[in-house]
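Inspection log for the structure reproduced underneath, given as structure tokens.
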Amino acid sequence: MVPVDRHYTHPRLAAIYDLGNAGAEDRDYHLTRTNRGKLRIEGRPDMIKYALIGTALAALTGCVAADVDDTNFATNVSHYGGMTVGGVELPFSKAVTAGTTIYLAGEVGIDPETGSIAPGGTGPETTQIFANLERTLNTLDADLSDLVKCTVYLGDMEDYAEMNAAYAAALPDPKPARATVGVSGLAVGAHLEIDCIAVTS
């Protein structure tokens, strides 16, 4: 056996000192400790190479396992309120929370006081939609400033400018990300529908 010394101070190598010496009498290398607490691998150079590879893999595997085991992936999901239009209960929640994220169902510009679409077209409907969304957010201890993404479903792209002006007026700065999609046909004769995602701190 050719004596070869190598010093290693990685804390995970030190942690597996006992593992590294398990069955050492049957191998061409072994681990020893220096008086400064370092690890020394002694033995044939070719066997030391394989020992280092195996030790490094064991150390990395232990690191990953500890990180995964210590992480809690459980997310609390809650559903809030049903949706009713024209006295008909719709088969979805008004909002769903998953951790700190709030998913808001699509809203059309129905005035809850009258149960009808707000008169005046795309602009007033946009204003009413955000009033409705804010009401829902408030029940979840959030507000319009927590919005991070909105999607606008516009019945007629000719109404884009009118929607955009009312949208800008309804939301505080900085505005959330947005997508606007032209669609054909919306519920209860609405000019547009908007759904949003919010994240609370």
### Query
Quick one: length gained pulling E158 to L140 fully straight, 0.36 nm per residue minus the C-alpha distance?
3.0 nm
### Task
Compute the length gained on full extension between T151 and A187: take 0.36 nm times their separation in residues and subtract their Cα-Cα distance, giving the result in nm to one decimal.
11.3 nm
### Cα gyration tensor shape of the stretch 77-199, rounded if a/c is under 1.5, else prolate or oblate by comparing a/b with b/c
oblate
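Please report F130, F92 as a ranked list, fewest other C-beta atoms within 10 angstrom at the top and most at the bottom.
F92, F130
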### Message
How much length would be gained if the chain were fully extended between Y103 and S116, taking 0.36 nm per residue of separation minus their Cα-Cα distance, in nm to one decimal?
### Response
2.3 nm
### Message
Suppose R0 equals 35 Å. What FRET efficiency, 1/(1 + (r/R0)^6) with r the Cβ-Cβ distance, do S93 and S201 give to the nearest 0.05?
### Response
0.95
### Task
Sort E162, E107 so that the residue with the fewest other Cβ atoms within 10 Å of its own Cβ comes first and the one with the most comes last.
E162, E107
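From the square roots a ≥ b ≥ c of the eigenvalues of the alpha-carbon gyration tensor of the stretch 111-157, which class results: rounded (a/c under 1.5), prolate (a/b over b/c), or oblate?
Details: a/c = 3.00, a/b = 1.33, b/c = 2.26.
Oblate shape, in that a/c is at least 1.5 and b/c is the bigger or equal ratio.
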### Query
For L104, L140, what ranking results if the residue with the fewest other Cβ atoms within 10 Å of its Cβ goes first?
L140, L104
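Since every read-out is calculated from the coordinates, none of them should be taken as a lab result. Note that the structure is a prediction, hence the values are computed from the model and not measured. So basically every Cβ, Gly included, is an ideal-geometry build from the backbone, and we count neighbours across all protein chains shown.
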